[in-house]
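*Asks:* Take a look at the following structure, please.
The values are calculated or read from the model by the stated rules, or taken from the named source; none is laboratory data. A quick note: this is a predicted structure, and the numbers were derived from the prediction, not measured. All Cβ positions, glycine included, derive from the backbone under ideal geometry; neighbour counts span all protein chains shown. Side chains are part of the model used for accessible areas, which takes the heavy atoms of the whole protein and leaves out ligands, DNA and RNA. Shrake-Rupley method; radii C 1.70, N 1.55, O 1.52, S 1.80 Å.
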Amino acid sequence: MELPSAVTDVVDSTLEYIYSLEEYVAPTVVLVPSFVKGYVEQLSEAIGFDVETLSYTLGLFLCYPLGVIMTNLPYGKIRHLFSFLLGAFLLQFTLGVQWIHQLITSLVVYAMCLVLPPKMVKTAVPIFVMIYMCAAHLHRQYTNYLGYDLDFSGTQMVITQKLYMFAYNVYDGHELKNGRGDRASQKCSKFALKELPGLIEFLGYTFCFANVLAGPAAEFTAYSTACDGTLLYDANGKPKGKIPSAVWPTLQNLLQSIVHMGLFVFLGGMYPILDPTDPQKNTPAVLSEAVLSQPWVNRYFYLWMSLVAVRQKYYFAWKNAEGALNIWYAGFEGFDEDGKAIGWGNSVNVNIFSFETASNIQTLSKEWNKRTSLWLTRYVYIRTGGSLMAVYGLSAFWHGFYPGYYLFFLSIPLLTMCERMGRKKISPYFSDKAWGPYDIFCKLVTSLFVEYTVAAFPLLAFHWTINLWKNHYFFGHICAIVFYIAMMFTPSPKKKDKKE
């Protein structure tokens, strides 16, 4: 659908003015020597990778030697400064002048925290960062519709979560300090900030090199305690417990990320969901004549494998970031009251096995993009009195405005309602044993219907998504509706009928 000319004229003139400011921003890209860019261009030609993809991949792996340096720096402000400068370096290395958006949003939010009352901060900051985030998505869709070229919107999604959480941390700290904390503030009390941190500490957090490119967005306290040493040591400088080695938590995730990168290249080559020659304009491979001419079982298998391939790039980026955070204990959760190590959950963004073998949608949501789920739970769900509408709405805007996203978000509640009805009226008759016959059946059904539904996400376009569902006979929607209606007329089992 084309926009009216009057609208496009205004948008074009606005973008032209914004782009004219590049000459003033370009001089800020000072952290990346010109010869480095030359080497990357030569390497991209030699291996056949585009410069953007290669720069981004190299940036992720650079976090490991940087993490080693971070480990050997003394605790305190020097770590925050290092985190900020090297995070800015990575942004300039991968995004060029577009790094300025992270700096602008960070400085504006810090200024808001300085001049506004905390009660206004928790409202004004989320509104500002979400508007900026939405503008980034709209800009991308307007200038590069259906394109997957690298721009600042991806990293902006990460910093949006950080700044959103930070605003509530400031508010919670103020309210609890004055004995006025509500139930939500009390639930998030361990993340509350009693006072506003310094600018260097704040920028070290928002630009943290280990998660600035791919996330996950950590709480400020998780970052700051790893930088000031209070995560591992008490006020007297003594260890709070037996400090675990970070070698295996780091190496394990690094190796795993490399495996997933290889799987993405291999499976993506065999089962591309989009046309590799021109994914932006050509008909997606999953809708090509070669695929559609096959029997339905073969078509669905191709779809299923192509989505497995798509997920590998997320597994690669998240596991890579997980290891990069663990090097300097930013992923470590600390010690319990008995001095026992809790674990490394602060850096975990996905539990791959649990996600891939989930027997219900609730588990899928819980195990995928875990830090985003926690962000939505802590700072949207419990702050709005448990409003799922607010959670789904904010999550949708945060992702962007492609029709495929909204087709997914409108479809997944239907499957969720069916799942709840099935759990209420069918599950009681069967054993809930893990990996028992019924559990395996649920895993297969969940995978069958969710893969059908989630295909809308990578396809992005409305007509591509509808065509895909049409060529799969809309089985996901039709079966879900029929099942839900059938369950409405199915009586709930009595207690004596339930499987012991």
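*Asks:* Which of the numbered conditions does Val247 fail, given that it passes all the others? Conditions: (1) in contact (Cβ under 8 Å) with a residue 24 or more places away in the chain; (2) more than 24 Å from the chain's Cα centre (by Cα); (3) over 30 Å from Leu199 (Cβ atoms).
*Replies:* (1)
*Asks:* Restrict the check to region 451-464 and report whether at least one residue is at pLDDT 95 or above, open to solvent by 70 Å² or more (accessible area, probe 1.4 Å) and of a type outside the set (A, V, I, L, M).
*Replies:* Within region 451-464, one or more residues are at pLDDT 95 or above, open to solvent by 70 Å² or more (accessible area, probe 1.4 Å) and of a type outside the set (A, V, I, L, M).
*Asks:* Answer yes or no as to whether Ala136 is assigned to a helix (DSSP H, G or I), crowded, with 21+ Cβ neighbours inside 10 Å, touching a helix residue (DSSP H, G or I) at 6+ places or on another chain (Cβ under 9 Å) and without any contact (Cβ under 8 Å) to a residue 40 or more places away in the chain.
*Replies:* Here the answer is yes, as Ala136 does meet what is asked.
*Asks:* Does region 38-49 hold any residues that are open to solvent by less than 100 Å² (accessible area, probe 1.4 Å) and either in contact with a His (Cβ under 8 Å, 6 or more places away or on another chain) or modelled with pLDDT of 85 or more (or both), and which are they?
*Replies:* At the first step, the residues of region 38-49 found to be open to solvent by less than 100 Å² (accessible area, probe 1.4 Å) are 38, 40-41, 43-44, 46-49.
Scanning region 38-49 gives Gly38, Val40, Glu41, Leu43, Ser44, Ala46.
*Asks:* Same structure, new question: Condition test on Tyr452, is it in contact with a helix residue (DSSP H, G or I) (Cβ under 8 Å, 6 or more places away or on another chain), assigned to a loop (DSSP other than H, G, I, E, B), closer than 16 Å to Tyr300 by Cα and touching a residue at least 60 places away in the same chain (Cβ under 8 Å)?
*Replies:* No: the conditions fail for Tyr452.
*Asks:* Continuing with this model, one more query. Which one is surrounded by the most Cβ atoms within 10 Å (Cβ to Cβ) among residues in region 1-30 that are at pLDDT below 90 and in a loop (DSSP other than H, G, I, E, B)?
*Replies:* Ranking the qualifying residues of region 1-30, first place goes to Leu3.
*Asks:* If you don't mind, there's one more thing I want to ask. Can you pull out the residues in region 144-191 that are open to solvent by 70 Å² or more (accessible area, probe 1.4 Å) and part of a helix (DSSP H, G or I)?
*Replies:* Lys177, Arg183, Gln186, Lys187, Lys190
*Asks:* Give region 168-220 a look and list any residue that's closer than 28 Å to Leu60 by Cβ and small (Gly, Ala, Ser), or say none.
*Replies:* Of everything in region 168-220, those that are closer than 28 Å to Leu60 by Cβ and small (Gly, Ala, Ser) turn out to be Gly204, Ala210, Ala214, Gly215, Ala217, Ala218.
*Asks:* Taking the condition under 30 Å from the mean Cα position of the chain (by Cα) and outside any helix (DSSP H, G or I), does Phe49 pass? Lay out the reasoning, then the answer.
*Replies:* Working: under 30 Å from the mean Cα position of the chain (by Cα): yes; outside any helix (DSSP H, G or I): yes.
In short, yes.
*Asks:* In the set Leu91, Leu85, which member is at pLDDT 95 or above and under 27 Å from Tyr379 (Cβ atoms)?
*Replies:* Matching residue, one of Leu91, Leu85: Leu91.
*Asks:* For region 445-499, what are the residues that are over 29 Å from the mean Cα position of the chain (by Cα) and among the acidic types (Asp, Glu)?
*Replies:* Asp497
*Asks:* With respect to Leu60, is the statement that it is touching a residue at least 40 places away in the same chain (Cβ under 8 Å), open to solvent by 40 Å² or more (accessible area, probe 1.4 Å) and not basic (Lys, Arg) true?
*Replies:* So Leu60 does not fit the description; no.
*Asks:* Out of all the residues in region 424-444, which are surrounded by 14 or more Cβ atoms within 10 Å (Cβ to Cβ) and either within 24 Å of Ile485 (Cβ to Cβ) or more than 29 Å from the chain's Cα centre (by Cα) (or both)?
*Replies:* Lys425, Ile426, Ser427, Pro428, Phe430, Tyr438, Cys442
*Asks:* State which residue is farthest from Gly323 (Cα to Cα) when the search covers only region 209-266 and only residues that are of a type in the set (Val, Ile, Thr) and assigned to a helix (DSSP H, G or I).
*Replies:* Val265
*Asks:* Any idea how many residues of region 392-408 are modelled with pLDDT of 90 or more and either under 30 Å from Ala486 (Cα atoms) or surrounded by fewer than 19 Cβ atoms within 10 Å (Cβ to Cβ) (or both)?
*Replies:* 10
*Asks:* Still on this structure, please answer the following. Out of the residues in region 297-311 that are open to solvent by 10 Å² or more (accessible area, probe 1.4 Å) and under 20 Å from the mean Cα position of the chain (by Cα), which is farthest from Val158 (Cα to Cα)?
*Replies:* Here the residue is Val308.
*Asks:* When the residues of region 267-293 are filtered to those that are in contact with a helix residue (DSSP H, G or I) (Cβ under 8 Å, 6 or more places away or on another chain) and assigned to a helix (DSSP H, G or I), which remaining residue is surrounded by the most Cβ atoms within 10 Å (Cβ to Cβ)?
*Replies:* Val286
*Asks:* For region 74-88, does any single residue satisfy the condition of being surrounded by 13 or more Cβ atoms within 10 Å (Cβ to Cβ), hydroxyl-bearing (Ser, Thr, Tyr), closer than 22 Å to Ile200 by Cα and out of contact with any His (no Cβ under 8 Å at 6 or more places or on another chain)?
*Replies:* Kept after step one, since they are surrounded by 13 or more Cβ atoms within 10 Å (Cβ to Cβ), are these residues of region 74-88: 75, 77-88.
Next cut, hydroxyl-bearing (Ser, Thr, Tyr) only: 75, 83.
Filter once more, so that each one left must be closer than 22 Å to Ile200 by Cα: 75, 83.
Imposing the further condition that a residue be out of contact with any His (no Cβ under 8 Å at 6 or more places or on another chain) reduces the set to 75, 83.
Checked against the condition, which is being surrounded by 13 or more Cβ atoms within 10 Å (Cβ to Cβ), hydroxyl-bearing (Ser, Thr, Tyr), closer than 22 Å to Ile200 by Cα and out of contact with any His (no Cβ under 8 Å at 6 or more places or on another chain), region 74-88 yields at least one hit.
*Asks:* For Tyr205, indicate whether it is closer than 30 Å to Trp469 by Cβ, surrounded by 19 or more Cβ atoms within 10 Å (Cβ to Cβ), hydroxyl-bearing (Ser, Thr, Tyr) and modelled with pLDDT of 95 or more.
*Replies:* Numbers: closer than 30 Å to Trp469 by Cβ: no; surrounded by 19 or more Cβ atoms within 10 Å (Cβ to Cβ): yes; hydroxyl-bearing (Ser, Thr, Tyr): yes; modelled with pLDDT of 95 or more: yes.
Judged against the criteria, Tyr205 is not a match.
*Asks:* Got a sec? Which of Val259, Val212 is touching a Ser or Thr at 6+ places or on another chain (Cβ under 7 Å) and closer than 30 Å to Phe353 by Cα?
*Replies:* Result: Val212 is the single residue among Val259, Val212 that is touching a Ser or Thr at 6+ places or on another chain (Cβ under 7 Å) and closer than 30 Å to Phe353 by Cα.
*Asks:* Take Lys194 and tell me if it is under 28 Å from Leu81 (Cβ atoms) and not in a helix (DSSP H, G or I).
*Replies:* Here the answer is yes, as Lys194 does meet what is asked.
*Asks:* Being surrounded by fewer than 11 Cβ atoms within 10 Å (Cβ to Cβ) and either under 18 Å from Trp328 (Cβ atoms) or hydrophobic (A, V, I, L, M, F, W, C) (or both) is the filter here, so list the residues in region 230-241 that pass it.
*Replies:* Listed by number, the list holds a single entry, Ala235.
*Asks:* Checking Ser447 against (1) at pLDDT 95 or above; (2) buried (at least 19 other Cβ atoms within 10 Å of the Cβ), only one condition comes out false. Which one?
*Replies:* Result: Ser447 passes all but (2).
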